[in-house]
Amino acid sequence: MDQPPSSVKLLGSWADSHTHRVQLALKLKGLEFEYQEEDFINPSPALLLHNPVYKKVPALLHGGRSIVESVVILQYIDETWTDNPIMPADPFERAVIRFWCHFTDDKLAPAVGLVFSSSGEGQKAAVDQVHENLKLLERELKDGAFKGRRFFGGDKIGLLDIVLGCGSYWLAVFEEVMEVKLIDPESFPVFHAWLRDFEEQQEVKETIPAIDRLLEYARGIRQMMLSLSNGSSINNAAATSG
Amino acid sequence: MADQSKGVKLYGTSFNGHTTMVDCALRLKGVAYEYVEEDRKNKSEALLKLNPVHKQVPVLVVDGKPIAETLIILQHIDDVWKDPPFLPEDPYKRAKVRFWADFVSKKVVPIMHTVVASKGDEQKTAAEEFAGYLMTMEDGIREELWTGGPFVNGDSPGLLDVVMGSSYMWIKFIEAVVGVKVAKREKTPLLCSFMEAFVELDAVKELMTPPEVLLQRRMGNPSA
């Protein structure tokens, strides 16, 4: 299907995993788009106009209208540009995909964010929580509805790969910055293999920033958080924006 | 038309808004289903097997396959039984419906729990926040979705109607508990009108627990 004439613009932040999700989806669909970098501490008038409820990136502008919330945006992209679908056709598979997308944002991501923003006993508990969540994902990959497949989307990456993959790189980054073990390949072999395959995809390599930049960014935020208070600050913007 | 060949089972709990949402959705689609009441304090082996991740109701089982999480169940019901549709055709409007359904899940449901569980000033503040969220929804729906009613979805109820309509009695209950109106007609006329239209539907009327019953239950259990 030809791209409709209306232009596509994405308001995002370079280190925001939810922005990466949208960038990746647009790339997979072969869509041209304009990108505007937003400072999440200082949202532009455009962002406040287009996302008045949450005032956060990402915001997709298409034909003068805005769509926000990354998983909502991904489904919008898939339903508007129907070539190379990122959602399966089967209703049960769609439900499983949505379930794990929700799990990623509702359980896994906050736990990972908590590892980053806490210390001492609190951090230990957060690390345990991340492991519990990864165990559930590992089991799903090994024995669930998509077992035996290279990706949740089959041979090509799909919506859940995008949602889970764009954000999972923080696991390796936080491991190094926080000096904790989060994603041990021996404990989570299937998840590890899936993530490695995901990150090898050309479009993914073009979307996710270099690990050095992410490490530097994370170190900077962690420094700032530690110096701000005695560790009770929950300014975990890096892990939970958008 | 309901596809009677699919075995459909709903695991739920009485006095649970999320169970009501799924119940309503199935009835609106004319789906034949079996209902299994779960004891929230003593969950069955079956439930724990069907929803090992969250271990809670509601869970819908269709042809032996379990689906959990209310909004996911509602979308699944709409995917399987197409008539009447719960979502608009247009992708932009669908995105708006999904946005507001997610808003209910992220903001409205948690604040409702906070109001019920708190007291005094904390409760008043939470109630104000709740009222604020409803006004935000009102503006969004008016601007992005409303085509004259009686429902957000138009002539027949859709996803948002099911979600908010099922919560209407709980909103009334909360208003009685706190002693203030949260869904004020002059502030949220559309919300009030489509929720009222929803609870009157023949298909779902009997599922709507009157606020007085919810209040009596609370008197026996102040955290309910």
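The values are calculated or read from the model by the stated rules, or taken from the named source; none is laboratory data. Bear in mind that the values here come from a model prediction, so they are computed numbers and not experimental data. Here Cβ is always computed from backbone atoms with ideal geometry, including for glycine, and neighbour counts include all displayed protein chains. Accessible surface areas use protein heavy atoms only, side chains included; no ligands, DNA or RNA. Shrake-Rupley method; radii C 1.70, N 1.55, O 1.52, S 1.80 Å.
General remarks:
- The value for segment B:91-218 of Rg(Cα) / (2.2 N^0.38 Å) is 1.03.
- Shape analysis of chain B based on the Cα gyration tensor places the equivalent ellipsoid semi-axes at 27, 23, 15 Å, largest first.
- Computed from the C-alpha gyration tensor, the three semi-axes of the ellipsoid equivalent to segment B:173-224 are 22, 18, 6 Å, from longest to shortest.
- Amide H contacts under 5 Å for A:Ser66: none, restricted to partners 5 or more places along the chain or on a different chain, H placed in the peptide plane at 1.01 Å from N.
- Normalised radius of gyration (Cα atoms, divided by 2.2 N^0.38 Å) for chain A: 1.00.
- GNM flexibility winner over chain A from A:Thr207, A:Thr80, A:Thr104 (Cα, springs under 10 Å): A:Thr80
- Entry note, chain B: relative contact order of 20 percent, from Cα contacts under 8 Å with a spacing of 6+ residues.
- Pairs of Lys in chain A closer than 22 Å at Cα, counting only those 8 or more apart or on different chains: 24
- With R₀ fixed at 22 Å, the C-beta to C-beta distance from B:Ser14 to B:Ser44 puts the FRET efficiency at about 0.90.
- Mean accessible surface per residue for the protein assembly as shown, computed with a 1.4 Å probe while every protein chain stays in place, in Å²: 45 Å²
- Longest to shortest principal axis, alpha-carbon extents of the protein assembly as shown, angstrom: 60, 54, 50
- A Förster distance of 60 Å, applied to the separation of the beta-carbon atoms of B:Arg185 and A:Met224, puts the FRET efficiency at 0.80.
- In this structure, the pairs whose alpha-carbon distance is over 29 Å, taken from B:Lys55/B:Lys187; B:Lys65/B:Lys172; B:Lys124/B:Lys187; B:Lys107/B:Lys205, are B:Lys55/B:Lys187; B:Lys65/B:Lys172.
- Value of [θ]222 nm, deg cm²/dmol, for chain B, DSSP H segments ≥ 4, -39500 (n - 2.57) each, nearest 500: -16500 deg cm²/dmol
- Between B and A, accessible area buried - total, square angstrom, nearest 100, 1.4 angstrom probe: 2300 Å²
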